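Have a look at the structure below, then the notes.
Just so you know, all these numbers are worked out from the coordinates, no wet-lab data involved. Because the structure is predicted, anything quoted here is derived from the model rather than measured. Note that we place each Cβ from the backbone using ideal geometry, even for glycine, and neighbour counts take in every protein chain shown.
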Amino acid sequence: MATAPQIKRQAPNILVTGTPGVGKSTLCQKLSETSGLQWLEISKIAKDYNCLEEYDEVYQCPILDEDKLLDGLEEVMCKGGNIVDYHSCEFFPERWFDVVFVLRTDNTTLYDRLVARGYTGKKLEDNIDCEIFQTILEEARASYNVDIVHELSSVAPTELEDNVNRICLWLQQWFQDNQ
Ligand code: DAT
């Protein structure tokens, strides 16, 4: 796997993105435990940093103050060693990331997961459309060097293990290349 040219960091920064419900948190938690890298769950951090503005009634979620969030994260991202978990990726600085993983599911799996989470109506439909039209994958390819953007299937539990192992191999290679 190729790595984008970056400012030297002690450890790489990994972006894990994809439609809500594809399995980002599940993967990031396991990857963080296995690798020792810090899991930055942007939805939670946005709350902690007070970066959530007024509520969007249509999408039933708060609106993110992106500039404030980015300012708050700059220092920790410059140090490296982070796994960033978010359902969007275009507003992060490109220089922050050494590799980007976009998790994917089939539509039936995603539908079941989102319904189990209590999503209904437009919010449910829009997220299913987002996956059907591979919106986040396209966003990642448009925002980062395509050589560092990797699609990972995240449907079956065995794929969770496979994905963690694959990213850990990538990490090992990064440390070898950047000693
Ligand atoms: P996200 O953080 O992308 O919103 P999640 O990690 O909360 O998604 O996962 C949504 C649900 O899917 C949750 O019930 C766990 C399940 N899940 C995640 N990855 C999976 C996998 N590889 N195989 C089976 N189920 C998975």
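List, in order, the whole-Hz ³J(HN,Hα) value for each residue of the range 146-159 obtained from phi through the Karplus relation with A = 6.51, B = -1.76, C = 1.60 and θ = phi - 60°; use x for Gly and Pro.
Going residue by residue, I get 4, 5, 9, 9, 10, 8, 10, 6, 9, 9, 9, x, 5, 5 Hz, with x marking Gly and Pro.
List nothing, just return the count: lysine pairs in the chain, 8 or more apart or interchain, with Cα separation under 27 Å.
Total qualifying Lys-Lys pairs in the chain comes to 23.
Fewest Cβ neighbours within 10 Å first, please rank Glu54, Glu138, Glu131 accordingly. Intermediate results must be reported in sequence, preceding the final value.
Values: Glu54 7, Glu138 12, Glu131 23.
Going from least to most buried by this count: Glu54, Glu138, Glu131.
Quick one: if you stick a label point 7 Å off each Cα along the C-beta vector at Gln172 and Tyr49, how many nm between them?
Placing both labels 7 Å along Cα→Cβ, they lie 3.3 nm apart.
Considering amide H positions built from the backbone, and no H for Pro or chain starts, which residues 5 or more places from Leu64, or on another chain, come under 5 Å of its amide H?
Distant-sequence amide H within range of Leu64: Glu53.
Please compute the modelled spin-label separation between Glu75 and Arg117, points set 7 Å along Cα→Cβ, answer in nm with one decimal.
3.1
Please give the Cα centre distance for the range 29-52 versus the range 108-179, rounded to the nearest Å.
With the range 29-52 and the range 108-179 each reduced to a Cα centre, they are spaced 16 Å.
When only C-alpha pairs under 8 Å and at least 6 residues apart count, what is the relative contact order of the range 14-167, in percent? Walk me through the numbers before you get to the answer.
Numbers: 208 pairs, mean separation 52.8, N = 154.
Relative contact order, the range 14-167: 34 percent.
Using the alpha-carbon atoms, what tilt in degrees (0 to 90, nearest 10) does helix 66-79 show relative to the longest principal axis of the chain?
On a 0 to 90 degree scale, this one is about 30.
Sorted from largest down, give the three principal axis spans of the alpha carbons of the chain, whole angstrom values.
If we take the Cα atoms of the chain, the spans are 50, 37, 29 Å.
Starting from the Cα-Cα distance between Ser153 and Ser25, subtract it from 0.36 nm times their residue separation and give me the gain in nm to one decimal. Display every interim value, and only then the final one.
Details: separation 128, 0.36 × 128 = 46.08 nm, distance 1.45 nm.
Gain on extension, Ser153 to Ser25, equals 44.6 nm.
Sort Val58, Val102 so that the residue with the fewest other Cβ atoms within 10 Å of its own Cβ comes first and the one with the most comes last. Mind dumping the intermediate values first?
Numbers: Val58 9, Val102 24.
Ascending Cβ contact count within 10 Å gives the list Val58, Val102.
Pull up all non-local amide H partners of Asn178: gap of 5 or more, or a different chain, and H-to-H distance under 5 Å with H placed in the peptide plane.
HN-HN under 5 Å from Asn178: empty list.
Helix 24-35 against the longest principal axis of the chain: what's the angle in degrees, Cα atoms only, rounded to the nearest 10?
In the chain, helix 24-35 runs at an angle near 20 degrees to the longest axis.
Phe101's amide H: which non-local residues (gap 5+, or another chain) put their own amide H closer than 5 Å, with H modeled 1.01 Å from N in plane and none for Pro or chain starts?
Here the answer is Leu15, Val16, Thr17, His150, since their amide H atoms fall under 5 Å of that of Phe101.
By how many nm would the segment from Val58 to Glu138 lengthen if fully extended, with 0.36 nm per residue of separation less the alpha-carbon distance?
Result for the pair: 26.4 nm of gain on full extension.
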